[in-house]
1. What residue, of Thr60, Thr12, Thr5, is of a type in the set (Ser, Thr, Tyr), modelled with pLDDT of 60 or more and open to solvent by less than 80 Å² (accessible area, probe 1.4 Å)?
2. Which condition number does Lys149 fail, the rest of (1) charged (D, E, K, R); (2) at pLDDT 95 or above; (3) open to solvent by 90 Å² or more (accessible area, probe 1.4 Å) being met?
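The values are calculated or read from the model by the stated rules, or taken from the named source; none is laboratory data. Nothing here was measured: the structure is a model prediction, and the numbers come from that model. Side chains are part of the model used for accessible areas, which takes the heavy atoms of the whole protein and leaves out ligands, DNA and RNA. Shrake-Rupley method; radii C 1.70, N 1.55, O 1.52, S 1.80 Å.
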Amino acid sequence: MANKTEYNDDTTAAQIQDQNALLDSPIRGPTLSTSTSSFEALDPHDPNLSKLATKMFRKTEEYICNELNAPLEDYKLLEEMNKATVAKYSDMHQIAENLNVSTNELSIKFQQLVPLMKQIDEISDTVDKLEAAAYKLDAYSIALENRVKSVLQRKSTMH
């Protein structure tokens with residue numbers, strides 16, 4: 001990005017040169033920034049400051065790496081969760097298929113038992129009718145026995 005400045009017609013070359021001199025580094029020459037930093041890479045400087053700067057850059061690098069890796073870890077976790085969900089749904093699908101097969105088998109067996117259950121119902125109805133007839137026969141036989149006893153008593157009292 002070049003520094004573009006509009007100059008009046010009255011501006012002299014000396015003024016332009018003075019402005020450019022302010023942007024020049026004493027060691028590196030002209031710069032594009034107006035930074036007032038006195039740090040130059042090849043200049044001797046405080047070793048403690050250098051250690052702290054190096055440590056700061058390492059910590060900044062570590063922080064940025066962790067910030068960039070956090071979403072990656074989230075996506076890995078989501079991927080694992082999705083895999084577990086797929087496995088669970090696969091198991092549930094297999095269970096549902098097995099239940100469907102078992103239900104169909106039970107339905108077929110039930111259909112096969114329907115005629116037998118009808119026969120059982122018919123037999124039960126017949127047994128109920130037979131039981132009612134047995135009670136009537138029992139009542140009739142008791143009544144007949146009582147009559148026979150009464151006739152026999154009359155005959156024995158007549159003799």
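1. Thr60
2. All conditions are met except number (2).
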